[in-house]
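These notes are about the structure you will find just below.
FYI, it's all coordinate maths here, none of it is from the lab. Everything numeric here is computed off the predicted structure, so don't read it as measured data. Cβ atoms come from the backbone with ideal geometry, glycine included; neighbour counts cover every protein chain shown.
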Amino acid sequence: MNAKEKLRALVEKMNREPAHIAEEKDRVFQFDLKESGSIQVQFKDGKAYMIEEATEEPNVTLKMNDESFIKMLNDDLNTTMAFMSGKLKVDGSMGLAMKLQQLVKEYKEVS
């Protein structure tokens with residue numbers, strides 16, 4: 001599964017089981033991926049949307065290669081080490097980046 005397919009599957013899971021995103025504020029996470037380009041996940045009105053281009057001003061942008069992104073979505077990336085080693089760059093709210101990591105962990109447990 002490539003990076004876009006993996007993210008699409010996560011967004012679909014979020015919308016099937018919206019308990020963890022129902023109270024999310026409207027916000028935009030952007031992923032600038034080395035191989036796949038820019039992808040946004042927009043949270044709006046308790047739903048998640050994947051947009052395969054940068055259409056909205058992001059609240060936070062995470063920059064990494066596709067391999068690291070897939071690891072992050074699998075909750076297999078040590079984000080602290082990736083950030084400190086330069087494999088992950090964050091523009092914007094570090095708190096939102098951490099919130100995203102928490103959402104990934106919560107949805108990893110949802111079948």
Q: Can you find, among Ser36, Pro18, Phe83, the residue farthest towards the positive end of the dipole of the chain? Put +1 on the C-beta of Lys and Arg, -1 on that of Asp and Glu.
A: Phe83
(Q) Once you keep just the Cα pairs under 8 angstrom separated by 6 or more residues, what percentage relative contact order results for segment 3-104? (A) 24
Q: Report the semi-axes of the equivalent ellipsoid for segment 46-98 in whole Å, largest first, where each axis is √(5λ) for an eigenvalue λ of the Cα gyration tensor.
A: 20, 13, 11
Q.
Among 96-102, 17-23, 62-68, how do they line up by average Cβ neighbours within 10 Å per residue, starting with the highest?
A. 62-68, 96-102, 17-23
Q: Using a Förster distance of 22 angstrom, determine the FRET efficiency expected from the C-beta separation of Met94 and Glu67, and round it to 0.05.
A: 0.50
Q. R0 = 30 Å: FRET efficiency of Asn78 with Glu17, Cβ-based, nearest 0.05?
A. 0.70
Q: Show that you can apply the helix-only estimate: for the chain, add -39,500 (n - 2.57) for every DSSP H stretch of four or more residues, divide by all residues, and state [θ] at 222 nm to the nearest 500.
A: -11500 deg cm²/dmol
Q: Taking the Cα centre of the chain as origin, work out the dipole magnitude from +1 charges on Lys and Arg Cβ and -1 charges on Asp and Glu Cβ, in debye rounded to 20.
A: 200
Q.
Under 8 Å for C-alpha pairs, at least 6 residues apart: give me the relative contact order for segment 52-103, rounded to a whole percent.
A. 46
Q.
Using Cα springs under 10 Å in a Gaussian network model of the chain, which residue among Gly37, Gly86, Gly46 shows the largest mean-square fluctuation?
A. Gly86
Q) log₁₀ I(q)/I(0) of the chain at q = 0.13, 0.14 Å⁻¹, via Debye over equal Cα point scatterers, no solvent, to two decimals? A) -0.42, -0.49
